[in-house]
1. Does the range 7-110 come out rounded, prolate or oblate by the C-alpha gyration tensor, with a ≥ b ≥ c the root eigenvalues, rounded set by a/c under 1.5 and, if not, prolate when a/b is larger than b/c and oblate if not?
2. Too long at a 32 Å Cα-Cα cut-off: which of K144/K194; K77/K144; K96/K144; K29/K144?
3. If N is the number of residues in the range 90-181, what value comes out of its Cα radius of gyration divided by 2.2 N^0.38 Å?
4. What spacing in nm lies between the two simple spin-label points modelled at S35 and A75, each 7 Å away from Cα in the Cβ direction?
5. Can you put V11, V141 in order of Cβ neighbours within 10 angstrom, beginning with the fewest?
6. Given +1 on the Cβ of Lys and Arg, -1 on the Cβ of Asp and Glu, and no further charges, what dipole in debye does the chain carry about its Cα centre, rounded to the nearest 20?
7. For D135, D7, what's the fewest-to-most ordering of other Cβ within 10 Å of each Cβ?
8. By DSSP, what percent of the beta bridges with both residues in the chain are antiparallel, rounded to the nearest 5?
Amino acid sequence: MTGLASDTAMVMAAGLGKRMRPLTASQPKPLVRVSGKPLIDHTLDRLREAGIAKAVVNVHYMADALQAHLKERAAPKVVVSDEREMLLETGGGMIKAQPELPDPFFCLNSDNIWLEGPRDCFRDLSARWDPERMDALLLLVPHKAAANFRGPGDFHLDARGAVTRRRSGRIAPFIYTGIQLVSHHLLRDPPDEKFSTNVLWNRAIEEGRLFGVPFTGSWYEVGTPEAIAPTEDALARV
């Protein structure tokens, strides 16, 4: 675990994948293939390459198919957090999985693909991690390195790396990659059952405890069927 703040990551894989329809009519979004590989395997392979030993994966939509696929993985070791009874959203999913998560832990979406920069993103996050000051540390990518992304951005960073949200009607220079390093302090006193991580982030911003790190690699949003072909073309040129 040299250079890593944690040996465990949570992978968010329980969503309904509505934006990926019609491909998700017959399979969960994490099993949609890009360049011949399911989306979740792109993520799990990056974890394995970084030396992260354990992945906690939450499941809900078409959970049986996803769980059967995950059983084939040898590394990282996969632990399933079962949300079959109720989809808990990102914040609620972390709370349910918390007994399996050390402090701190990495958290990733299962539907993004990225190419690392000079150093892998998990070590970039670990190098900047300061539990005395931070509840969460977000990996943020500038627009020029965010392929397939068409939105106005998510966050601003100040000189200290503290995060603030984009103002309404404005453009923000950084987009959230879906990758973060999280302290259990972020998860304290949660709302009941299902809720978004944004609820916890908003509190951390108010307390000056949400920070970000600019990503030095290339990041591909793969949220819709239309994003698959350009992503495959880009990966083929690497």
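Each reported figure results from applying straightforward, stated rules to the coordinates on display, with no laboratory input. Just so you know, these numbers come straight off a predicted model, no measurement behind them. No Cβ is skipped: glycine too gets one built from the backbone with ideal geometry, and neighbour counts run over all protein chains shown.
1. Values: a/c = 1.84, a/b = 1.20, b/c = 1.54.
Because a/c hits 1.5 or more and a/b fails to exceed b/c, the range 7-110 counts as oblate.
2. Working: K144/K194 34 Å; K77/K144 34 Å; K96/K144 36 Å; K29/K144 26 Å.
K144/K194; K77/K144; K96/K144, as the Cα separations exceed 32 Å there.
3. 1.14
4. Distance between the two pseudo-spin positions: 2.0 nm.
5. Details: V11 25, V141 29.
If I rank by nearby Cβ atoms, fewest first, I get V11, V141.
6. Working: 30 positive and 30 negative charges, 115 e Å.
With Lys and Arg at +1 and Asp and Glu at -1, about 560 debye.
7. Final ranking by Cβ density, sparse to dense: D7, D135.
8. 50 percent
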